[in-house]
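To start, the structure itself, in structure tokens.
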2 protein chains.
Amino acid sequence: MSVLSNVRRFVFPVIAVAAAGTVGAMLLGAADDERAAKFDNKGALIRPEGYRKWVFIGCPVTPNDMNNGKAAFPEFHHVYIDPKSFAHYEKTGQFPEGTVIVKELANVAAKESPSGAGYFPGDFVLLAVAVKSAKRFPNEPGNWGYFNFGEYPNYAETAEALPTDSCNGCHQAGAQQDYVFTQFYPVLRAAHQGRPAEHPEHHHHGEHGEHHGGEKQ
Amino acid sequence: MSVLSNVRRFVFPVIAVAAAGTVGAMLLGAADDERAAKFDNKGALIRPEGYRKWVFIGCPVTPNDMNNGKAAFPEFHHVYIDPKSFAHYEKTGQFPEGTVIVKELANVAAKESPSGAGYFPGDFVLLAVAVKSAKRFPNEPGNWGYFNFGEYPNYAETAEALPTDSCNGCHQAGAQQDYVFTQFYPVLRAAHQGRPAEHPEHHHHGEHGEHHGGEKQ
């Protein structure tokens with residue numbers, strides 16, 4: 001048996017594992033550096049990209065015809081959370097620093113279809129975003145900043161934080177957890193059900209892993 | 001310089017690249033082979049996993065109180081498409097072989113919140129799935145098979161295809177494209193807007209890439 005042959009037998013598997021580890025670390029590293037909320041150098045929020053591929057959490061509808069034609073947010077609310085913060089929420093039941101929640105509105109296209117009467121979504125209307133950041137919004141309730149990117153299809157490239165009153169009034173009055181309307185977001189509730197939502201410091205790793213018995217999805 | 005040292009200098013980078021390539025190919029291979037619809041050996045559909053992280057496409061609501069207490073599908077429809085088929089739809093405006101569309105229902109938790117009157121989702125109710133497969137459903141309209149996994153939280157592990165009449169009646173009567181209610185799914189319409197939906201053979205690659213001017217997301 002030659003020296004080369006011996007070296008091969010030793011070197012191949014070691015290097016293959018090392019190289020695989022490096023590739024894995026590069027992939028993880030890229031994901032970890034990716035913040036869903038990006039701000040320009042004047043502190044305005046840059047419109048998030050790709051949010052329609054984020055995790056959808058729920059869809060309240062507040063139609064104009066149920067609000068004397070003056071709904072605050074007609075009509076359908078497509079509400080999303082960025083995937084990294086969703087993964088954190090699955091594990092801890094908490095919204096981490098940097099959480100981005102997107103609310104894209106769609107109007108009502110119809111009130112009848114072959115499957116019955118109801119409200120059926122049509123076209124996009126408006127894009128609004130909330131970002132949780134103790135660093136940027138130290139004095140806002142829950143450290144949430146709220147942003148409005150205007151009307152579809154002419155969403156603004158950037159948006160400045162809105163005054164606290166304009167959004168937080170409703171969130172403070174009615175939202176179940178940390179100024180988020182989790183009572184209307186079954187996807188979030190299912191993701192942390194059976195897990196301690198209020199006291200992450202009491203979190204037992206073994207008890208509340210990624211897959212637990214109560215969750216069917 | 002020893003033979004080993006020479007071997008190292010030659011072998012290390014080559015193997016590192018080869019190993020990285022292999023890992024990359026394995027990752028790509030896994031993604032490419034991953035069909036969203038999996039069937040058991042009796043031909044029953046295995047309940048899809050992870051669909052709450054798929055691409056949400058729209059959320060009609062057909063409340064019982066708008067249907068004399070007898071809505072066919074109360075209440076909120078959380079409708080998703082598997083990510084691979086969504087990517088195909090973005091490019092071509094067509095649903096490819098193997099498309100999986102999930103409809104998870106959520107009941108109505110409230111009709112009032114600080115933001116106004118409306119319908120607000122509560123808990124999950126039922127899981128239904130449609131799979132497009134010419135191979136498995138050669139005689140069904142559009143090659144769609146329909147499945148019902150029953151009631152939350154006791155979704156079945158597998159489901160057999162339902163008789164054509166039980167689902168296709170509504171889809172045939174009212175769905176805008178290929179038995180899918182695309183008129184109620186703004187996310188799908190935005191994904192292929194400005195692209196040729198009906199004649200993929202006329203598709204010009206350069207004109208209709210991943211990012212085009214008309215789409216704001």
- Message: Suppose you put the label 7 Å out from Cα in the Cβ direction; list, shortest first and in nm with one decimal, how far B:LYS38 is from each other copy's label.
- Response: 3.5
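Let me check I've understood the local charge: for A:ALA161, count other residues with C-beta under 9 angstrom from its C-beta, Lys and Arg +1, Asp and Glu -1. What total comes out?
-1
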- Tail weight of P(r) past 24 Å, computed on alpha-carbon pairs of segment B:37-192, percent: 34
- Taking each residue of A:62-68 in turn, how many C-beta atoms of other protein chains fall within 10 Å of its C-beta, and what is the average? 4
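Subtract the Cα-Cα distance of A:GLU112 and A:THR164 from 0.36 nm times their separation in residues, and report this length gain in nm to one decimal.
14.9 nm
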- So who's got an amide H within less than 5 Å of the one on B:ALA110, skipping anything under 5 residues away but keeping other chains? H placed 1.01 Å off N, in plane. B:PHE120
- Task: Provide the packing ranking of A:170-177, B:95-102, A:83-90, i.e. peptides ordered by the mean count of other C-beta atoms within 10 Å per residue, highest first.
- Result: B:95-102, A:83-90, A:170-177
- Message: Among the listed pairs B:LYS53/B:LYS132; A:LYS53/B:LYS42; A:LYS111/B:LYS70; A:LYS38/B:LYS91; A:LYS42/A:LYS91, which have their C-alpha atoms separated by more than 23 angstrom in this model?
- Response: A:LYS53/B:LYS42; A:LYS38/B:LYS91; A:LYS42/A:LYS91
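Bear in mind these aren't lab numbers, they're just calculated from the coordinates by the rules spelled out. Please read all numbers here as calculations on a predicted model, not as lab measurements. Backbone-built Cβ (ideal geometry, glycine too); neighbour counts: all protein chains shown.
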